[in-house]
Amino acid sequence: MEVQKFYYDNKIVKWFAYATMLWGLVGMLAGLFIALQLVFPALNLGYAPTTFGRVRPVHTNAIIFAFVGNGIFMGVYYSLQRLCKTRMFSDKLSKLHFWGWQSIIVLAAITLLLGYTTGKEYAELEWPIDILITLIWVVFGWNMFGTILKRREQHLYVAIWFYIATFVTVAVLHIVNSIEIPVSLWKSYSWYAGVQDALVQWWYGHNAVAFFLTTPYLGLMYYFVPKAANRPVYSYRLSIIHFWALIFLYIWAGPHHLLYTSLPDWAQSLGVVFSIMLIAPSWGGMINGLLTLRGAWDKVREDAVLKFMVVAITAYGMATFEGPMLSLKNVNAISHFTDWTIAHVHVGALGWNGFLTFGMLYWLIPRMFSTKLYSTKMANQHFWLGTLGILFYAVPMYWAGFVQSSMWKQFTAEGQLQYQFLETVTKLIPFYALRSLGGTLYLLGAVLMTYNLIKTAKAGVFVPDEEASAPALQTYTKYSNEHWHRWIERKPVQMLIASLIVILIGGAVEFIPTFLVKSNIPTIASVKPYTPLELQGRDIYIREGCYTCHSQMIRPFRSETARYGEYSKAGEFVYDHPFQWGSKRTGPDLARIGGKYPDSWHYNHMLDPTSMSDKSIMPAYPWLLDDQIDMGSTQAKIEAMITLGVPYPEGYGTKANDDLKKQADAIASHLKQDGIETLPDREIVALIAYLQRMGTDIKAEKAVAGSK
């Protein structure tokens, strides 16, 4: 049998490892910064790029796509070469992938801080960056599949199944959710509107968690946990069930983010049913991971790498039990829009993704530099700092979530709401302070790890091309008692096609009726398109990240209709590109804010929130009083909306600014009557127009019905 000599490429793994550490620190620092802003609002600093609404998406994107993303590529590039017994398909593609991904991260940070955002959570990046993401993802897939096809190992190990499913599903999610119509270089509108946009976004948002934060990390778990423990995976058959059940069920669960909203009930129910079913494969994976360590528990007590991995797998199990539980309607009625959800997300992010990444880094760096870890003591200190950080983060947020929901729903004996919304905010400040302490501990642990690994690298000698040898790929011989699944494990292209078919089923069943059956989204005659000034104001609202703190979705609960007004209807949102339902209420719901306060209230509130709402933690937006409305973009925006089906009159784009100026003059006149002098072409005027429009179409419909 011919034995071939070749070399693994460790250089690309090292680059991704360094990027993982760098962006991890940046993303965690951004997270700590916005956590402190909720305790000390002065930290918004009075500048647009430093406000909570702009920094928060930088934090989420940095953690998901920069820290975890680079961690995925670090682990995949290391493990794939060794599982396939070959060097990566192309060193040039590896380098293009690395530098392309880092360019995306830098562009994302710059554009988000400058306010260039689509306003869709975890998919905020504008269309030129979306195209770049697609191209770089193709480079990654090309390199990965080229490596698999030239492998010397006939069998595709379970980790590779998860890598293949990750590649194909993330491609589908990104492309479908990112269909948008460009207005300018850094502005676009989602192709979908309202309820349909919400369904697509949370199909993407939930499955970004599933197929970017979960499936690739499960693949990494299946490789690195057995390696670190020096034991085989507990159960091959459980791996098969885990993989196929997980990728089939996960894709259906997105609607559980939209319970009690205007999404059709049948779609909500599908999301609930499949979310509950997800417990089985998720816990199957957890059990497979933990039982792989059977017989190695003495080693776990001594080995920091295994400590991180055990807590990571346990956090995965906790998060994947809690997720289905939060999908139950009676539980979701308590948790949604509260900090409970924030706690849930961070148990997964800090525990599962963070700790598994730390474990991989501690395992990889010493091996690539042919040395021992600089300080085992520091690694153990990092473990306890990180663990305490998670506890100090999650426990206060769970508590805060229960406090929020209880206060929102509390009525007096006379049947009146007991608490004003601001009271429910100020009550949470101590919990936010404890959360910040937890974030600080977690960040300090990451800093300690970075120092430890830098010292480790300096003490060793890096091996950029690691020599290896393996027999050439042999013709496959089938055994009589071979498991049936072996057939597809030998065929990566068939594995990709099968994975694609499995993940498309759930999306198709949910999307096709929602888009094609008109009765799912009934129209409301009184709902009209936004005026040009309101459209400009809506874009300013999205630019400033107001959706990160305010919802626009009143659920059919007595407590919500008493506080905000009539519950939301699907037909209200047919001209919303994108939808703005939100996922967290740090501030009150704004769906019926129109007409509730005079224009002067909104003006003063944006200038200094505490002047209107004492003890408010909302940032001030003084630049809106000085910056001019971009009237040069009005025509392009109106024409884009017409392309999307919004029924403006033919040729209206050329006349839109005339109507914009008339409405702006009227608002400036109202402000002048209240003693406020402002030019009608300022952004604050456009934002006031949008805020005063919210919910008024439904009020108009009720007024007409009442007159009849």
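Here, each number is a calculation from the coordinates, and none is a lab measurement. The structure displayed is predicted, hence computed values, not measured ones. Because the Cβ atoms are built from the backbone with ideal geometry, glycine has one as well, and the counts that use them run over all protein chains shown.
Look at the alpha carbon pairs under 8 Å that are at least 6 residues apart: their mean separation over the length of segment 532-707 gives a relative contact order of 33 percent.
Helix screen, the chain: DSSP H segments with Cα axial length of 15 Å or more and mean Kyte-Doolittle hydropathy at least 1.0 are 10-37, 127-149, 158-177, 236-250, 265-277, 304-326, 355-368, 492-516, 683-693.
Taking 0.36 nm per residue of sequence separation and removing the Cα-Cα distance, the residue 655/residue 699 pair yields an extension gain of 13.0 nm. Compute the Cα gyration tensor for the chain, then decide on rounded, prolate or oblate, letting a ≥ b ≥ c be the square roots of its eigenvalues: rounded whenever a/c is under 1.5, prolate when a/b is larger than b/c in the other cases, and oblate in all that remain. The shape class here is prolate.
222 nm [θ] for the chain, helices only, -39500 (n - 2.57) per DSSP H run of 4+, per residue, to 500? Calculated at 222 nm, the ellipticity per residue is -20000 deg cm²/dmol.
Annotation note: trypsin sites (Lys or Arg not before Pro) in segment 76-150 located in DSSP loop regions with a Cβ neighbour count of at most 14 within 10 Å are 150.
Net charge in the neighbourhood of residue 293 (other residues with Cβ under 14 Å of its Cβ; Lys, Arg +1, Asp, Glu -1) is +3. Of all lysines in the structure, the ones whose alpha carbon falls short of 26 Å from that of residue 596, not counting any fewer than 8 places away in one chain, are 409, 427, 528, 569, 584, 615, 661, 662, 672, 699, 702, 708. Taking a ≥ b ≥ c as the square roots of the eigenvalues of the Cα gyration tensor, an a/c ratio of 1.5 or more together with a/b no larger than b/c marks segment 166-283 as oblate.
Distance from the Cα centroid of segment 647-696 to that of segment 411-447 is 36 Å (rounded to whole angstrom). What trypsin sites (Lys or Arg not before Pro) in segment 587-622 are in a loop by DSSP, with at most 12 other Cβ atoms within 10 Å of the Cβ? In loop regions of segment 587-622 (DSSP not H, G, I, E or B), the sparsely surrounded trypsin sites (Lys or Arg not before Pro) are 615.
Of the chymotrypsin sites (Phe, Trp or Tyr not before Pro) found in segment 123-160, none is in coil by DSSP with at most 11 other Cβ atoms within 10 Å of its Cβ. Residues of segment 552-579 with an amide N closer than 12 Å to a point placed 7 Å from the Cα of residue 333 along the Cα-to-Cβ direction: 556-560.
The local environment of residue 472, defined by Cβ-Cβ distances under 13 Å, has a net charge of +3 under the rule Lys, Arg +1 and Asp, Glu -1. Computed from the Cβ-Cβ distance with R0 of 51 Å, the FRET efficiency linking residue 155 to residue 418 stands at 0.20. Among the listed pairs 5/95; 5/307; 227/458, which have their C-alpha atoms separated by more than 31 angstrom in this model? Checking Cα-Cα distances, 5/307 exceed 31 Å.
Label zone (residue 411, point 7 Å along Cα-to-C-beta; backbone nitrogen cut-off 19 Å) within segment 533-571: 554-568. Using a simple spin-label model with pseudo-atoms 7 Å out from Cα toward Cβ, residue 40 and residue 301 lie 4.3 nm apart. Quick check: net charge around residue 429, other residues with Cβ under 11 Å of its Cβ, Lys/Arg +1 and Asp/Glu -1? So the environment of residue 429 carries a net charge of +3. Once you have a ≥ b ≥ c as the square roots of the Cα gyration tensor eigenvalues for segment 444-568, tell me rounded if a/c is under 1.5, and otherwise prolate or oblate according to whether a/b is larger than b/c. Oblate shape, in that a/c is at least 1.5 and b/c is the bigger or equal ratio. Free of any GluC sites (Glu not before Pro) that DSSP assigns to a loop and that have at most 10 other C-beta atoms within 10 Å, the longest stretch within the chain is 3-413.
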